[in-house]
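Shown next, in structure tokens, is the structure this report addresses.
The values are calculated or read from the model by the stated rules, or taken from the named source; none is laboratory data. Note that this is a predicted model, so its numbers are computed, not measured. Positions of Cβ are backbone-derived with ideal geometry, glycine not excepted, and every protein chain shown enters the neighbour counts. What goes into the accessible areas is simple: the full protein's heavy atoms, side chains included, and nothing from ligands, DNA or RNA. Shrake-Rupley method; radii C 1.70, N 1.55, O 1.52, S 1.80 Å.
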Amino acid sequence: MSIVIENVGKTFIDPKKNEVTALENINFSINEEEFVVLVGPSGCGKSTLLNIVGGLLSPTSGSVYFEGITEKNPNLGIVFQEIALFPWRTVFQNVIYGLEEKGLPKKKQIEIGNYYIDMVGLSDFKDAYPKQLSGGMKQRAGIARALAVEPDLLLMDEPFSALDAQTRTLMQEELLTIWNRTKLNTLYVTHNIQEAVYLADRVIVLSRHPGKIKRIISIDLPKTGRNDEEYREKSSRYADEIWQLIRHDAEEALKE
Amino acid sequence: MDKQKKVITNRVAFLDKKVPFYASFVGILGLLILWEIISRIGIVSPLFLPAPSEIIVTGWQMLVSGEIYGNLTASLYRIVIGYAIGSVLGIIFGLILGFFKLADAVGTPIVYSIYPIPKIALLPLFILWLGIGELSKVTIIALGVFFPVVINTFSGVKSVDPMLVKAAVTFGSNRVNVIRKVILPGSLPMIFAGLKLAAGTSLLLLVSAEMIAAQEGIGSMVLHYGNLMITSKLMVGVLILSLLGLTFNRGLKWLENRLIPWKE
Ligand SMILES: Nc1ncnc2c1ncn2[C@@H]1O[C@H](COP(=O)(O)OP(=O)(O)O)[C@@H](O)[C@H]1O
Ligand SMILES: [Mg+2]
């Protein structure tokens, strides 16, 4: 099964009635068990693209479809940049939200919910409300909620951008550990180049105004231990390549 | 060189200075004592301001004679039914107006054009339509409650983070469940703000309506003893009303804490 993004374009009308082309001519696919990272400076249309893929925004042109899927409706899991946990639900109730909506029996909900809460290390905070959690813990709950529906495609929009640097590093490691257990097709959005190189099988570099694909880079490194001494140099060469591609756009973004 | 020591002290210590818990009681108690003294030494005639002790004694007598019971149940009946109808309808309409764009476009202007009318001005009209009985009084209370609740519910719905709706839809919610599981709990804090506002309004309307058109009820009792210049009995009525308001607010606060334990 793969997810195909075909000729996708998106034009917004801004408050002054001008047309803003956020995305133009986007073509790529996410293959079975592939971790694709979308990287680009802020305002290049990453969230827009992720929302289109997630079915939360209509594209102006083109389409997104699943190929080679046997069941009726593909299952999506999204980890939002804004986290978007329901404040009136405990961690557990948030995590089983999707299972509840699927109409799974209570027993099954509890079983699956506990499994994923344990996976993200929140067992001690099962019954806590989001307001009682730290930023990192909230995002872990958000990840567990998305994993719990066992999605055909996992979408993540800058999930760690609001965290401090140390927490972020730890969460990236944890995410990889989890990913290695679940091997979900994943589209991950970030503006952080190091993060992209650390996580991705393939990096898609977006340009800005309009958001177009600049280059698609396959990261030829083992999936675990990319921070180890022996891969440092290769990692930083990838990072440098990406930085050269988006540097100009990032500077432009700064001027706005 | 001379070493001089200058200790730096916390200059904003006053910000977290603690006030003893009994301070608020002392205020009320002090006022009551002052009031008692003024009445006792006869600076003010008891016709205008009876002493607190006298009000208590009178209140006890009225309680024993059953006078309070009769008037209080009549008033409670009106306010409970009126408040319940007004708030339930207010919440339902608020949710609908807030969630459905068409209902918003059609209904909101209507709500905002009726809202500023002082509701008590409509009482004569309601008496004309519904008769002098309970129905016109219950209706006016329900109407007075409806507006603050509908408007607060409406803004509560509008204040729900659209991200949460997106999250719910992503994880499989249909429209009904979006309303039930996201919009309703998300607007609860604002709904409660409306309910508290409406509590004051309902009490005001209850008393006014009873003063205008009722044989029984705390409002008519207060007016009755005012006309007879029996000030201590009048004050008992006022005391009951203030206790009623207090209980009302406490009850809502208790309910709020029960229903919204997740609030910051
Ligand atoms: N609802 C909208 N209306 C108008 N313009 C929008 C809207 N959403 C996004 N944009 C514009 O589209 C561009 C891409 O935005 P976004 O996808 O949020 O970027 P990113 O997530 O990469 O930072 C920006 O220039 C932004 O101003
Ligand atoms: Mg974004």
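Brief remarks follow.
- Rounded Å value of the spacing that divides the Cα centres of the range B:93-137 and the range A:91-132: 43 Å
- Within a Gaussian network of chain B (alpha carbon springs, distance under 10 Å), most fluctuating of B:Gly42, B:Gly226, B:Gly98: B:Gly42
- Take every DSSP beta bridge whose two residues both sit in the protein assembly as shown; close to 55 percent of them are antiparallel.
- Peptide B:167-178 - average C-beta neighbours from other chains (10 Å radius): 6
- FRET efficiency, B:Leu63 to B:Asn227 (Cβ-Cβ, R0 30 Å, nearest 0.05): 0.85
- Under 5 Å from the amide H of A:Val189 lie the amide H atoms of A:Leu38, A:Met156, A:Asp157, A:Glu158, each residue being 5 or more positions distant or on a separate chain, with H modelled from the backbone and absent for Pro and chain starts.
- Choice from B:Val182, B:Val150, B:Val207 showing the highest fluctuation, given a GNM over chain B with Cα pairs closer than 10 Å: B:Val182
- Count Lys and Arg as plus one, Asp and Glu as minus one, and take only other residues whose Cβ is under 10 Å from that of A:Thr90; the net charge is then +1.
- Highest-MSF residue in chain B out of B:Phe248, B:Phe14, B:Phe154 [GNM, Cα springs under 10 Å]: B:Phe14
- Estimated FRET transfer efficiency when R0 is 56 angstrom, pair A:His248-B:Leu125 (beta carbons, to 0.05): 0.20
- Two-decimal Rg to Rh for the range A:147-192 - Kirkwood Rh, Cα set: 0.97
- Scanning residues 5 or more positions from A:Leu153 or on other chains, those with amide H under 5 Å from its amide H are A:Asn75, A:Gly77, with H placed 1.01 Å from N in the peptide plane.
- With θ taken as phi - 60° and the Karplus curve 6.51 cos²θ - 1.76 cosθ + 1.60 applied, the whole-hertz 3J(HN,Hα) list for the range A:235-242 is 4, 6, 5, 4, 4, 5, 4, 5 Hz, x standing for glycine and proline.
- Where a label projected 7 Å from the Cα of B:Arg175 along Cα→Cβ would reach, residues of the range A:68-107 with amide N under 20 Å: A:101-102
- Exposed-site-free run, longest, chain A (rule: trypsin sites (Lys or Arg not before Pro); DSSP loop; at most 10 other C-beta within 10 Å): A:73-254
- Per-residue average of Cβ from other chains inside 10 Å of A:75-81: 3
- Gap separating the Cα centres of the range A:221-246 and the range B:8-77, nearest whole Å: 75 Å
- Amide N of the range B:180-215 lying under 15 Å from the label point, which is placed 7 angstrom from the Cα of B:Ser155 along Cα→Cβ: B:187-198
- Charge tally for A:Leu206 (other residues, Cβ to Cβ under 9 Å; Lys, Arg +1; Asp, Glu -1): +3.
- The DSSP beta bridges internal to chain A are antiparallel in roughly 55% of cases.
- In summary, the convex hull built on the alpha carbon positions of chain A has an orientation-averaged projected area of 14.7 nm².
- Compactness ratio for chain B: Cα radius of gyration over 2.2 N^0.38 Å (N = residue count) comes to 1.37.
- Binning all Cα-Cα separations of the range A:85-150 at 10 Å, short to long from zero, yields these whole-percent fractions: 26, 59, 14, 0.
- Estimated [θ] at 222 nm from DSSP helical runs (n ≥ 4, -39500 (n - 2.57)) normalised by residues in the protein assembly as shown, nearest 500: -18500 deg cm²/dmol
- Shielding of A:48-61 by partner chains, average beta-carbon count, 10 Å: 1
- Radius of gyration, Dmax [the protein assembly as shown; alpha carbons; angstrom]: 32.3, 99
- Heavy-atom accessible area per residue - the protein assembly as shown, 1.4 Å, Å²: 53 Å²
- Once the Cα atoms are used to define both axes, helix A:106-119 deviates from the longest principal axis of chain A by about 60 degrees.
- Were the residues from B:Leu34 through B:Ala103 laid out at 0.36 nm apart, the gain over their Cα-Cα distance would be 19.2 nm.
- For chain B, the membrane-span-like helix rule (DSSP H, alpha carbon extent of at least 27 Å along the helix axis, mean Kyte-Doolittle at least -1.0) picks out B:67-99, B:134-159, B:184-213, B:231-259; this says nothing about an actual membrane.
- Amide H contacts for A:Gly62 (H built 1.01 Å from N in the peptide plane; partners 5 or more residues away or on another chain; cut-off under 5 Å): A:Gly9.
- With the cut-off at under 20 Å, measuring from each backbone N in the range B:200-218 to a point 7 Å along the Cα-to-Cβ line of B:Tyr112 picks out no residue.
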